[in-house]
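Visitor: Below is the structure I would like to discuss, written out as structure tokens.
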Amino acid sequence: MTRIIAGAAGGIRLDVPSAGTRPTSDRVRESLFQALEPTGMLDGTTVVDLFAGSGALGLESLSRGAAVADLVERHGRAARVARANADRVSPAVTGSAHVHAVSAAAFLRTATRTYDLAFLDPPYDLPDDELAETLRLLTPRLSADALVIVERATRSGAPRWAEAGLAPFRDRAYGDTSVWWGEPAQRAEPDPSQSR
């Protein structure tokens with residue numbers, strides 16, 4: 001059984017699609033959010049959960065203080081589960097969840113929001129080229145200090161950050177699953193000698 005781990009909606013049960021998705025384990029989700037909380041990236045921020053499945057990552061963000069979460073899931077059955085989960089969590093949180101039943105790439109081509117935090121939890125068999133293209137489409141929609149978190153099979157290796165104008169930030173392996181963190185490449189502090 002999957003639940004919201006902590007925050008305003010802590011303990012609320014989430015349904016999981018019966019097939020076609022691979023939910024993030026509670027252990028990985030708990031570790032991820034313990035690392036995220038000190039960054040301030042959950043306080044009033046805008047989140048996109050691509051390849052959302054049940055929507056657990058986006059909804060956990062709302063529970064912990066995010067203002068908006070876009071849950072993007074192309075498979076109709078999984079998108080309906082994400083919508084039901086969002087409806088269940090909604091009364092407990094101050095932020096809002098929006099479910100989009102389209103592919104990640106199609107969503108990003110028409111998105112208008114700027115995101116502070118992006119989760120990508122694609123199917124393990126998603127080709128590297130498709131993940132790289134999704135990251136390229138995501139980058140223009142990121143705030144300057146955004147974080148991008150990709151969960152995929154450890155054997156798949158790190159995302160191709162540089163092709164998308166992103167830079168690696170940290171990574172952690174949980175057995176067969178690894179979580180990679182990235183950020184906009186231009187996030188580095190400007191050289192003060194270059195300022196006018």
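Visitor: Looking at ALA78, ALA84 in this structure, which one is surrounded by fewer than 21 Cβ atoms within 10 Å (Cβ to Cβ), at negative phi, among the aliphatic types (A, V, I, L, M) and part of a helix (DSSP H, G or I)? Please lay out each step first, then the result.
Guide: Values: ALA78 fails: surrounded by fewer than 21 Cβ atoms within 10 Å (Cβ to Cβ).
Within the list ALA78, ALA84, the selection yields ALA84.
Visitor: Got a number for residues in the range 128-162 being among the hydrophobic types (A, V, I, L, M, F, W, C), over 26 Å from ARG64 (Cα atoms) and assigned to a helix (DSSP H, G or I)? Quick ask: steps written out before the conclusion?
Guide: Narrowing the range 128-162 to residues among the hydrophobic types (A, V, I, L, M, F, W, C): 131-132, 135, 137-138, 142, 144, 146-150, 153, 158, 161-162.
Then keep just the ones that are over 26 Å from ARG64 (Cα atoms); that gives 131-132, 137, 153, 158, 161-162.
Next, from what is left, pick out any that are assigned to a helix (DSSP H, G or I): 131-132, 137, 161-162.
Residues that pass the stated criteria total 5.
Visitor: Which one of ALA162, ALA146 is surrounded by 21 or more Cβ atoms within 10 Å (Cβ to Cβ), of a type outside the set (D, E, K, R) and either in contact (Cβ under 8 Å) with a residue 12 or more places away in the chain or over 21 Å from LEU59 (Cα atoms) (or both)?
Guide: ALA146
Visitor: Scan (1) surrounded by 15 or more Cβ atoms within 10 Å (Cβ to Cβ); (2) assigned to a helix (DSSP H, G or I) for the single condition GLY65 breaks and write down its number.
Guide: It fails just one condition, (2).
Visitor: Follow-up. Under 7 Å by Cβ, and 6 or more places apart or on different chains, what pairs join a residue from the range 30-42 that is closer than 17 Å to LEU59 by Cβ with one that is of a type in the set (Ser, Thr, Tyr)?
Guide: Matching pairs, first to second residue: LEU42/SER61.
Visitor: Considering the range 104-127 alone, what residues qualify as being aliphatic (A, V, I, L, M) and either surrounded by 23 or more Cβ atoms within 10 Å (Cβ to Cβ) or within 14 Å of SER143 (Cβ to Cβ) (or both)? Reasoning before the result, please.
Guide: Residues of the range 104-127 aliphatic (A, V, I, L, M): 104-106, 108, 111, 117-118, 120, 126.
Residues satisfying the conditions are ALA104, LEU108, ALA111, LEU117, ALA118, LEU120.
Visitor: Scan the range 120-127 and give yes if some residue there is assigned to a loop (DSSP other than H, G, I, E, B), farther than 25 Å from ALA35 by Cβ, out of contact with any helix residue (DSSP H, G or I) (no Cβ under 8 Å at 6 or more places or on another chain) and modelled with pLDDT under 90, otherwise no. Lay out the reasoning, then the answer.
Guide: To start, the set of residues in the range 120-127 that are assigned to a loop (DSSP other than H, G, I, E, B) comprises 121-127.
Cutting the leftovers down to farther than 25 Å from ALA35 by Cβ gives us 125, 127.
Narrowing the set further to residues that are out of contact with any helix residue (DSSP H, G or I) (no Cβ under 8 Å at 6 or more places or on another chain) leaves 125, 127.
Then keep just the ones that are modelled with pLDDT under 90; that gives 125.
Yes: the range 120-127 contains one or more residues that are assigned to a loop (DSSP other than H, G, I, E, B), farther than 25 Å from ALA35 by Cβ, out of contact with any helix residue (DSSP H, G or I) (no Cβ under 8 Å at 6 or more places or on another chain) and modelled with pLDDT under 90.
Visitor: If LEU131 satisfies all but one of (1) touching a Phe, Trp or Tyr at 6+ places or on another chain (Cβ under 7 Å); (2) modelled with pLDDT of 95 or more, what's the number of the condition it fails?
Guide: All conditions are met except number (1).
Visitor: Identify the residue in the range 115-129 that is among the acidic types (Asp, Glu) and in contact (Cβ under 8 Å) with a residue 24 or more places away in the chain and, among all such residues, is nearest to GLY44 (Cα to Cα). Walk me through how you get there before you give the answer.
Guide: We begin by selecting, within the range 115-129, every residue among the acidic types (Asp, Glu); these are 116, 121, 125, 128-129.
When the remaining residues are screened for being in contact (Cβ under 8 Å) with a residue 24 or more places away in the chain, the result is 116, 121, 128.
On the way: ASP116: 10, ASP121: 22, ASP128: 32 Å.
Taking the candidates together, the pick is ASP116.
Visitor: From THR154, THR112, grab the single residue that is of a type in the set (Val, Ile, Thr), over 15 Å from ASP49 (Cβ atoms) and free of Cβ contacts under 8 Å to residues at least 12 places away in the same chain. Reasoning before the result, please.
Guide: On the way: THR154 fails: free of Cβ contacts under 8 Å to residues at least 12 places away in the same chain.
From the options THR154, THR112, the qualifying one is THR112.
The values are calculated or read from the model by the stated rules, or taken from the named source; none is laboratory data. For clarity, every value in this text was computed on a predicted model and none was experimentally measured. All Cβ positions, even for glycine, are placed from backbone atoms using ideal geometry, and neighbour counts span all protein chains on display.
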